[in-house]
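Enquirer: There's a structure below that I have some questions on.
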Amino acid sequence: MVAKIGSQQDGGSVPARGRSGRWANVSVLAALLVVLMGGGGLGLVLPSVGPAAAVALNPAVRTPGGAPSGPSSAIGPVSVPSARFVTPPGPGLLRAAAAVLAALPSTSPAAAGPVEKPIIPAPAPRGPGPGGAFPVAGQEGWVVIPRIGLAVAVFEGGQSVIDRGVAAHYDGPGWRPPVAAGQGGTYWLAAHHVTHGAPFLRVPDLRAGDVVEIVPASGAPTVTYRVTSVEVVGVTASYLTVYGPDTTTPRLLLQTCEGDSARLLVHGVLA
């Protein structure tokens, strides 16, 4: 009887091409599983593939013509070549691994570039005056009285300056030239009481011991006076009333109206 080549009826072998292709696929699968399980890093190698060397990667082992030697797994027995451990990978493999690691994106802060800092807005510019106010052209400074909440701009001049609703560092005919705050002589300020914006509205509330600050527009240090007395005079006053008994002692004089026929004078000295 003539039998076909490769027929299972006469125990003929499987054609060489089909068998080698099947074992090649098994070899590729085994290599892939070994790499995924970390075998490549341990130096796990596969010898030549053959039917007699086939073992199962799962707990069951099946050899040609034999029964499984262990429990079967859910995926069934898979025949792979036997393996053995050898010495750790050589320099070539280590260089290849280093090249792969170098190609991976780095997570270190230095490699990621400089860290961007949040943008902090610059503080708004502040002037030398109360609340950071800036002086206007010709302004000499501010008179500030904390207890009564007063802060009024100061300009040198006479009645025309007073009528602008500010404090005049008084300079008028028949009177001595004005002196700078803190210097010897009387630093004399005059302003309206209840008209022209009432800049000195609360000046009559001052009493002995209250602090009066003169804040220069130039940014120079603040000059501080302390109130010594308050008096009411007529529409005229003597030099002694305005300037005191000498011209060397630094003094303060605040003047405002007290009705139409009187003037309120607040006297002070350096604190």
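Enquirer: Scan (1) part of a loop (DSSP other than H, G, I, E, B); (2) modelled with pLDDT of 95 or more for the single condition residue 215 breaks and write down its number.
Expert: Result: residue 215 passes all but (1).
Enquirer: Only one of these is touching a residue at least 24 places away in the same chain (Cβ under 8 Å), farther than 30 Å from residue 126 by Cα and surrounded by 13 or more Cβ atoms within 10 Å (Cβ to Cβ): 231, 258, 213. Name it.
Expert: 258
Enquirer: Same structure, new question: State the number of residues belonging to the range 145-164 that are touching a Gly at 6+ places or on another chain (Cβ under 9 Å) and touching a residue at least 60 places away in the same chain (Cβ under 8 Å).
Expert: 1
Enquirer: Still on this structure, please answer the following. Answer yes or no as to whether residue 248 is assigned to a loop (DSSP other than H, G, I, E, B) and either basic (Lys, Arg) or more than 49 Å from the chain's Cα centre (by Cα) (or both).
Expert: Answer is yes for this residue.
Enquirer: Go through the range 132-160 and count every residue that is within 19 Å of residue 177 (Cβ to Cβ) and either of a type in the set (Lys, Arg) or within 37 Å of the chain's Cα centre (by Cα) (or both).
Expert: 1
Enquirer: May I pose another question? Restricting attention to the range 123-144, and to residues there that are at pLDDT 95 or above and not in a loop (DSSP other than H, G, I, E, B), which single residue is farthest from residue 155 (Cα to Cα)?
Expert: The extreme case among them is 144.
The values are calculated or read from the model by the stated rules, or taken from the named source; none is laboratory data. Everything numeric in this text was worked out from a predicted model, so none of it was measured. FYI the Cβ positions are ideal-geometry reconstructions off the backbone, even for glycines, and counts take in every protein chain you see.
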